[in-house]
Amino acid sequence: MEEINNLWLRYNDYANKLSAALGRTNNIVGEYAEYLAHRHYGGRLLRASESSADIEADDGTKYQVKARKIKGTTATQLNVIRSWNFDYLVVILFEADGKIFKALEVPVAVAKKYGADNQHQNGKVITTSRKFLLDPQSKDITLSIIGLSQ
């Protein structure tokens, strides 16, 4: 039991430090994904309260970043999308140990076609199905994002 308590305390210590370093919200997986995408695209991180996009590149291109830690299967639902006022959806999937499994740049028109209505959350959700992950109109940016994480 003591080992579990120590792990819990260490986990919270590191989670608090990481949250403070990323400096935006307590959604560590999402914030780390935004940090990596921002390093990839440059530009500026938008306010955490911005509903449509997370990053605006120097050329005005807007990116919405969604991330998930996967366990067992790559098919997972991304957080709800309520506004489509962005140019690209950036999806970063992390393995259970935190390593990057897959990173994609998805044109907004392609993302919309995979969005399913979710009335409870008042938006659309995308499931990272095999078809979504392998859509030929999306750009695989995995290697670049992995390079930024090392």
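Restricting to segment 28-48, and then to whatever is of a type in the set (D, E, K, R) and over 11 Å from the mean Cα position of the chain (by Cα), can you tell me which residue is surrounded by the most Cβ atoms within 10 Å (Cβ to Cβ)? Steps first, please.
So the first thing to find is which residues in segment 28-48 are of a type in the set (D, E, K, R), and the list is 31, 34, 39, 44, 47.
Subsequent filtering for residues that are over 11 Å from the mean Cα position of the chain (by Cα) retains 39, 44, 47.
Values: 39: 13, 44: 10, 47: 8.
For segment 28-48, the residue satisfying everything is 39.
Filter segment 92-129 down to the residues that are modelled with pLDDT of 95 or more, basic (Lys, Arg) and either under 14 Å from residue 64 (Cβ atoms) or more than 14 Å from the chain's Cα centre (by Cα) (or both) and list them by number.
112, 113, listed by residue number.
What's the total number of residues in segment 88-140 that are of a type in the set (Gly, Ala, Ser), free of Cβ contacts under 8 Å to residues at least 24 places away in the same chain and touching a helix residue (DSSP H, G or I) at 6+ places or on another chain (Cβ under 7 Å)?
0
Right, residue 94: surrounded by 13 or more Cβ atoms within 10 Å (Cβ to Cβ), touching an Asp or Glu at 6+ places or on another chain (Cβ under 7 Å) and under 30 Å from residue 11 (Cβ atoms) or not? Outline the logic, then answer.
Numbers: surrounded by 13 or more Cβ atoms within 10 Å (Cβ to Cβ): yes; touching an Asp or Glu at 6+ places or on another chain (Cβ under 7 Å): no; under 30 Å from residue 11 (Cβ atoms): yes.
Considered against the rule, which asks whether it is surrounded by 13 or more Cβ atoms within 10 Å (Cβ to Cβ), touching an Asp or Glu at 6+ places or on another chain (Cβ under 7 Å) and under 30 Å from residue 11 (Cβ atoms), residue 94 comes out as no.
Can you find a residue that is aromatic (Phe, Trp, Tyr), in a loop (DSSP other than H, G, I, E, B), surrounded by 20 or more Cβ atoms within 10 Å (Cβ to Cβ) and modelled with pLDDT of 95 or more anywhere in segment 82-91? Working first, answer last.
To start, the set of residues in segment 82-91 that are aromatic (Phe, Trp, Tyr) comprises 84, 86, 88.
Next cut, in a loop (DSSP other than H, G, I, E, B) only: 84, 86.
Adding the requirement that they be surrounded by 20 or more Cβ atoms within 10 Å (Cβ to Cβ) leaves 86.
From the residues that got through so far, the ones that are modelled with pLDDT of 95 or more too are 86.
Within segment 82-91, one or more residues are aromatic (Phe, Trp, Tyr), in a loop (DSSP other than H, G, I, E, B), surrounded by 20 or more Cβ atoms within 10 Å (Cβ to Cβ) and modelled with pLDDT of 95 or more.
Any idea which residue in segment 103-150 is nearest to residue 72 (Cα to Cα), counting only those that are part of a loop (DSSP other than H, G, I, E, B) and in contact with a Leu (Cβ under 9 Å, 6 or more places away or on another chain)?
Filtering segment 103-150 down to residues part of a loop (DSSP other than H, G, I, E, B) leaves 115, 122, 126, 128-129, 134-138, 141, 149-150.
Keeping just the survivors that are in contact with a Leu (Cβ under 9 Å, 6 or more places away or on another chain) gives 126, 128, 135, 138, 141, 149.
On the way: 126: 18, 128: 13, 135: 21, 138: 23, 141: 22, 149: 22 Å.
Among residues in segment 103-150 that are part of a loop (DSSP other than H, G, I, E, B) and in contact with a Leu (Cβ under 9 Å, 6 or more places away or on another chain), the one nearest to residue 72 (Cα to Cα) is 128.
The values are calculated or read from the model by the stated rules, or taken from the named source; none is laboratory data. Please read these numbers as outputs of a predicted model, since none were measured by experiment. When we count neighbours, we look across all protein chains shown, and the Cβ atoms used for this are built from the backbone with ideal geometry, even at glycine.
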